[in-house]
Amino acid sequence: MDFNWAEWTAVLLRFAHVVAAIMWIGNSLLFTWMELRLVPRRRDGGEPDDDPDLLGHLDMLHGGGVFHLEKRLLRPGAIPVPLHWFKWQSYTTWLTGFTLLCVLFYRDGLTLADATRSDLSGPACAGLSLAGLVVGWLFYDLVWRSPLGRNPLAGGITSFLGLAAAAWAYGEVFNGRALYLQIGAMMATCMSANVLVHIMGNQHRFMRALESGQAHDPAFGKRAKSRSLHNHHITFPVLFLMLSAHFPRLHAAEWRVAILLVVVVALVAVKWLMNSRFWFKGWLAAIFGVVLLAGILIGVFLNLPARAATTASADPLVAEGRALFEANLCATCHMEGSAQIAPSLHGIFGKSQPLADGRTVVVDEAYLRRSIVEPQAEVAAGFAPAMPPYAGRFSEAELDALVAYIRSLGAR
Ligand code: HEC
């Protein structure tokens, strides 16, 4: 049996990454929900409370009892034990995510590249991706430390412009899937760095102050809270981008950068509107409005003509094949430049293909047809027999078109 360590490491890491992310994001959503639902400074009888340390309280039914929660300022000398901190969910998410990037992409940086647009080397692609994680954080952090950051709207717009510039730049050299992942990873890195530098940093600072007998200074908490609100508002776009490998129609689209930006703005707006329900009556209608508008915009971008003549084929059969390839989501598995799930179909025509049963076949039109209609009959060596059989799905003419399209794909 051959053991593919990278494949098994990726299975383990992906699972750990998803579990850690669920725990982290679950916390973020619940804590913000509690914050917004907090009943300010009133005790059970509805009487205003005169306890100056009490910021609010909340009762929640769960598991056969009521969690009676109070949010209060801490007093030096009265620090509760045990006091729970929340950080490892975030760090684990980042560490497993970063290791996944290394195992899946940085090992062969060319999996990030779009060969039709750039001829960067593998290490250059990996370096560019890595640099983006660092520079993205420095840019974002600087914006919010600067005077711009005092105004949430100005800080938000500047951060978004930075993100748009990054998306445009990476879109010039990375393939669609890598582009979406890169922007998701940059945003997620800012989130984790927020936890490490600002949220934990400020919590440590005020705990140290308390331990040395000084009064609780809410300014520390405010700084931590503003970053934690940023994290809260970008969770939806980050989740979407992390899952985007399943939406090849979007990331493989010609206007992928514009679509990405629409998705980011719409999902931040949706999260904001969800929180606005405590004071804004029309929040639900507004969410439907945002989703509809984003859907229309994405529809427009998907139907705009291609930017460059290179992507539009002169041969109508090839163009039809490309349309079928896209409509049937073949690229969910057959990603350009990547053979993680399925073989890359670029440049395979005419090559000899070793099969799992030990035979070797030449990739000709007949083999391509058989591979689509009855993929399990001849499984490419090194891959799981994971391709769905498309027998009966395509007419003969459509199969001709698909084969013509795959034939037309040059080597990367
Ligand atoms: C769920 C993932 C998945 C989807 C979706 C998928 N494939 Fe595949 N495909 C695979 C895998 C895995 C292999 C390699 C194993 C095999 O040969 O069956 C493969 C193999 C192939 C091969 C043979 C490649 C070679 O190097 O031998 C062709 C051609 C192909 N697919 C075309 C298509 C087309 C066209 C579509 C869309 C109509 C499609 N695939 C959709 C997973 C997928």
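The values are calculated or read from the model by the stated rules, or taken from the named source; none is laboratory data. Note that the structure is predicted; figures quoted are calculated from it, not measured. Using ideal geometry, Cβ is built from the backbone for each residue, glycine included, and neighbour counts are taken over all protein chains shown.
Taking region 167-198 on its own, how many of its residues are closer than 18 Å to residue 91 by Cβ and not small (Gly, Ala, Ser)? Total satisfying the criteria: 10. Tallying residues that are part of a helix (DSSP H, G or I) and without any contact (Cβ under 8 Å) to a residue 12 or more places away in the chain within region 101-133 yields 2. Evaluating residue 77 against the criteria (1) surrounded by fewer than 16 Cβ atoms within 10 Å (Cβ to Cβ); (2) free of Cβ contacts under 8 Å to residues at least 60 places away in the same chain; (3) small (Gly, Ala, Ser) leaves one unmet condition, (2). Against the conditions (1) outside the structural domain of residue 274 (by TED's automatic domain parsing); (2) of a type in the set (Gly, Ala, Ser); (3) surrounded by fewer than 13 Cβ atoms within 10 Å (Cβ to Cβ), residue 131 satisfies every one except (1). Might you let me know whether region 112-127 holds any residue that is under 26 Å from residue 15 (Cβ atoms), in the same structural domain as residue 250 (by TED's automatic domain parsing) and at pLDDT 90 or above? The answer is yes; a qualifying residue exists. As a summary of the residue check, residue 289 satisfies the conditions (1) touching a strand residue (DSSP E or B) at 6+ places or on another chain (Cβ under 9 Å); (2) in the same structural domain as residue 100 (by TED's automatic domain parsing) except for the one numbered (1). Considering only region 309-324, I want to know if a residue exists there that is over 28 Å from residue 105 (Cβ atoms), in contact (Cβ under 8 Å) with a residue 12 or more places away in the chain and either within 23 Å of the chain's Cα centre (by Cα) or not in a helix (DSSP H, G or I) (or both). Yes, that holds for at least one residue. When we screen 345, 355, 368, 329 for residues that are at positive phi and among the hydrophobic types (A, V, I, L, M, F, W, C), the only hit is 329.
Annotation note: of 344, 338, 371, the sole residue that is outside any helix (DSSP H, G or I), near the ligand (Cβ under 9 Å from one of its atoms) and surrounded by 14 or more Cβ atoms within 10 Å (Cβ to Cβ) is 344.
Per-residue answers, yes or no, for (1) farther than 19 Å from residue 144 by Cα; (2) of a type outside the set (Gly, Ala, Ser); (3) crowded, with 19+ Cβ neighbours inside 10 Å:
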| site | (1), (2), (3) |
| --- | --- |
| 178 | yes, no, yes |
| 188 | no, no, yes |
| 199 | no, yes, yes |
| 207 | yes, yes, no |
| 213 | yes, no, no |
| 231 | no, yes, yes |
| 238 | yes, yes, yes |
| 243 | yes, yes, no |
| 248 | yes, yes, yes |
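Number of residues in region 349-363 that are assigned to a loop (DSSP other than H, G, I, E, B), over 12 Å from residue 379 (Cα atoms) and either in contact with a Lys or Arg (Cβ under 8 Å, 6 or more places away or on another chain) or more than 10 Å from the ligand (Cβ to nearest atom) (or both) equals 3.
Taking the criterion of being over 21 Å from the mean Cα position of the chain (by Cα) and more than 6 Å from the ligand (Cβ to nearest atom), the residues of region 326-335 that qualify are 326, 327. Taking the condition of being touching a strand residue (DSSP E or B) at 6+ places or on another chain (Cβ under 9 Å) and closer than 25 Å to residue 95 by Cβ, how many residues in region 112-123 meet it? The qualifying residues number 2. Only a single item in (1) near the ligand (Cβ under 8 Å from one of its atoms); (2) over 22 Å from residue 339 (Cβ atoms) is not met by residue 406, and it is number (2). Can you name the residue in region 374-403 that is in a loop (DSSP other than H, G, I, E, B), among the hydrophobic types (A, V, I, L, M, F, W, C) and more than 8 Å from the ligand (Cβ to nearest atom) and is also modelled with the lowest pLDDT among such residues? Out of the qualifying residues, it is 391.
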